[in-house]
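Structure first, then comments.
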Amino acid sequence: MTTSTDRDYGRDQTAATSTIFTKTMALLTAAMASMGVGTVLGTLVPPAMVGSFFWVSLVLYLGSILLFAFRKPEWSTGTKVSLLVFASLSVGLFIGPVIGMFAQAVGLKVVLAIFLGCAGVMALCGLAVKVFHWVRFYRMGTFLFWATLGLVAVSLFALAFTGGMSAVVGLAYSLIGIGIFVAYFLVGFSMLAHEQENSWDAAADLAFFLLMAYVNLVLKVIEFICYLAAFLGEASGS
């Protein structure tokens, strides 16, 4: 039998979930806008300065992420949100030169289509979590973490011992990466759906988690297109 206390608890849980969702989406929007600004600025780096800019942006990127990850609980909400925005800007600066070179090769419309397409995939994953609300997608988190480390290990091995991947292997590698980072969306939205802490702190963590999944998915799609172009070039030349 359902008691009034149970009904009140259910309403409280629904309200809390709605609030944490609103906060997370607001922060994710701000983070993606900041990342977009950083990406545009990164594309403006002259080719002669890309090497030097890479190391500067890498330090800024890692430093801002560490500062965000190890922020103190007693810091104000404004400080925490500012850290999120700054970390997102640093991510954009870091990937900007890569996006700029890719845009020069394939055109700005293709790049915009990739960004919008990945945003659409993110939205569909959020909808899937809502529809299949009984599935605990967040339980895939540990598996995806090790799968991501496996991707990094394979990439480093290929660079160290073979000088890079062949087009066919690269296609398979990038497709697996795309699948992994799409799954991260499911994990992120599942964590959001089951988040019990209704705070800006929790919302900032979830927003940054989704942002990083989005950025990595964009990069993997770009990587896939590059390997596909190489594969088609090899096929036409043979």
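Read the figures in this text as sums done on the coordinates, not as results from a lab. Quick caveat: nothing in here was measured; it's all calculated off a predicted structure. In this analysis, Cβ positions are derived from the backbone assuming ideal geometry, glycine residues included, and neighbour counts consider all displayed protein chains.
Remark: relative contact order (the chain) = 31 percent; criterion is Cα-Cα distance under 8 angstrom and separation of 6 or more residues. Here the calculated FRET efficiency for Leu228 and Thr22, from their Cβ-Cβ distance with R0 = 41 Å, stands at 0.55, rounded to the nearest 0.05. Computed over the range 87-208, relative contact order equals 34 percent, with contacts defined as Cα pairs under 8 Å that lie 6+ residues apart.
Protection proxy ranking, highest mean first, for peptides 33-43, 190-200: 33-43, 190-200, where packing is the per-residue count of other beta-carbon atoms within 10 Å, averaged. Within a straight-line Cα-Cα reach of under 20 Å, Lys220 can be paired with the following lysines, leaving aside sequence neighbours fewer than 8 residues apart in one chain: Lys109.
Return the lysines within reach of Lys72: Cα separation strictly under 19 angstrom, same-chain partners fewer than 8 residues apart disregarded; answer none if there are no such residues. Result set, ordered by chain and number: Lys80.
Listed by chain and number, the lysines whose C-alpha is less than 19 Å from the C-alpha of Lys130, apart from same-chain residues fewer than 8 away, are Lys23.
Students often get this wrong: which residues of the range 22-58 have the backbone nitrogen under 14 Å from the point 7 angstrom along Cα-to-C-beta of Met101? Of the residues in the range 22-58, 43-55 have backbone N under 14 Å from the label point off Met101.
The C-alpha atoms of the range 4-237 occupy a region whose extents along the principal axes are 73, 35, 34 Å, arranged from largest to smallest. Just to be sure I understand: with springs between alpha-carbon atoms less than 10 Å apart, which residue in Leu206, Leu108, Leu28 has the highest mean-square fluctuation in the Gaussian network model of the chain? Highest fluctuation among the options: Leu108. This model, with +1 at the C-beta of Lys and Arg and -1 at the C-beta of Asp and Glu, gives the chain a dipole about its Cα centre of some 140 debye.
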